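The structure under discussion appears below in the form of structure tokens.
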Amino acid sequence: MHRRVSFYMHNDEFYMKLAIAEAEKALEIKEVPVGAVVICDGRVVGRGYNLREKEQDPTAHAELIAIRDAARNLKSWRLDNCDLYVTLEPCPMCAGAIVQARIRRLVFGAYDPKSGATGSLYNIVEDERLNHQLSELKGGVLAEEISQMLKSFFKKLRDSKPIGKGG
């Protein structure tokens, strides 16, 4: 029995691994390891990873970079035939951008209980008061692997801070 869901289930881990590869690029430059890819018709049309520290830009989140890249490559801000894979549950800013870009489907890895806006604290992407909602939202894909990457990053960051200094 072929159903749309089984097709996605087969491919979700594959595409999430591409997002993890983007997160690893962030890790290499000491950014919070979050990565994202935009998929359209089975191919990557946008990629991004966190660049907040490097760019000193509060909007340089992986999702926004990937969405901008996809819009440039497709020559359209409407990404209604596209799916976004991101390693960490999007924040309110990124969830808003997902709605504005008309993303069809969102798949994320680890849940973010402190700032997640696609189920944890809010659910912006399925809010019926807005002019667009996702056709599908799925969280927890490869969550354990992604959570370990994030925990390891933050532990190294804490361990590298000088004792007695702080804010």
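Key figures
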{"quantity": "Anchor K161: lysines whose Cα lies under 25 Å away (excluding residues fewer than 8 positions away in-chain)", "calculated": "K25, K30, K54, K114, K151"}
{"quantity": "Region 101-162 - charge dipole about Cα centre, Lys and Arg +1 at Cβ, Asp and Glu -1, debye rounded to 20", "calculated": "300"}
{"quantity": "Nearest 10 degrees, 0 to 90: helix 4-28 Cα axis against the chain principal axis", "calculated": "30"}
{"quantity": "For region 67-167, with +1 on Lys and Arg beta carbons and -1 on Asp and Glu, the positive-most of L150, I98, G119 along the dipole", "calculated": "L150"}
{"quantity": "Total charge dipole magnitude, the chain, about the Cα centre, Cβ charges on Lys, Arg, Asp, Glu only, Debye to nearest 20", "calculated": "260"}
{"quantity": "Amide hydrogen neighbours beyond the local backbone of I103, cut-off 5 Å, H modeled", "calculated": "L79"}
{"quantity": "Cα-projected label distance for R78 with D41, points at 7 Å along beta-carbon direction, nm", "calculated": "1.6"}
{"quantity": "Apportionment of accessible area to carbon and sulfur, the chain, percent (1.4 Å)", "calculated": "52"}
{"quantity": "Estimated distance in nm for a label pair at F14 and L121, the labels positioned 7 Å out from Cα along Cα-to-Cβ", "calculated": "3.5"}
{"quantity": "Amide N proximity, region 55-81 versus L130 label position 7 Å along Cα-to-Cβ, cut-off under 20 Å", "calculated": "58-72, 76-81"}
{"quantity": "Between helix 143-160 and the chain: long-axis angle, C-alpha atoms, 0 to 90°, nearest 10", "calculated": "20"}
{"quantity": "Shape call, the chain: gyration tensor on alpha carbons, a/c limit 1.5", "calculated": "prolate"}
{"quantity": "Separation of alpha-carbon centers, region 62-108 and region 145-161, rounded to whole Å", "calculated": "26"}
{"quantity": "Debye, to nearest 20: dipole size of region 38-97, +1 on Lys, Arg Cβ, -1 on Asp, Glu Cβ", "calculated": "240"}
{"quantity": "Residue-count net charge about A143 - beta-carbon cut-off 15 Å; Lys, Arg +1, Asp, Glu -1", "calculated": "-3"}
{"quantity": "Value of [θ]222 nm, deg cm²/dmol, for the chain, DSSP H segments ≥ 4, -39500 (n - 2.57) each, nearest 500", "calculated": "-13500 deg cm²/dmol"}
{"quantity": "Summed residue charge, Cβ within 11 Å of A60's Cβ, Lys/Arg positive, Asp/Glu negative", "calculated": "-2"}
{"quantity": "Heavy-atom accessible area per residue - the chain, 1.4 Å, Å²", "calculated": "58"}
{"quantity": "Most fluctuating residue given options V125, V34, V44, as computed from a GNM of the chain linking Cα atoms under 10 Å", "calculated": "V44"}
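The values are calculated or read from the model by the stated rules, or taken from the named source; none is laboratory data. Predicted, not measured: the structure shown is a model, and the values here were computed from it. Positions of Cβ are backbone-derived with ideal geometry, glycine not excepted, and every protein chain shown enters the neighbour counts. Just so you know, the surface numbers come from the protein's heavy atoms only, side chains and all, with ligands and any DNA or RNA stripped out. Shrake-Rupley method; radii C 1.70, N 1.55, O 1.52, S 1.80 Å.
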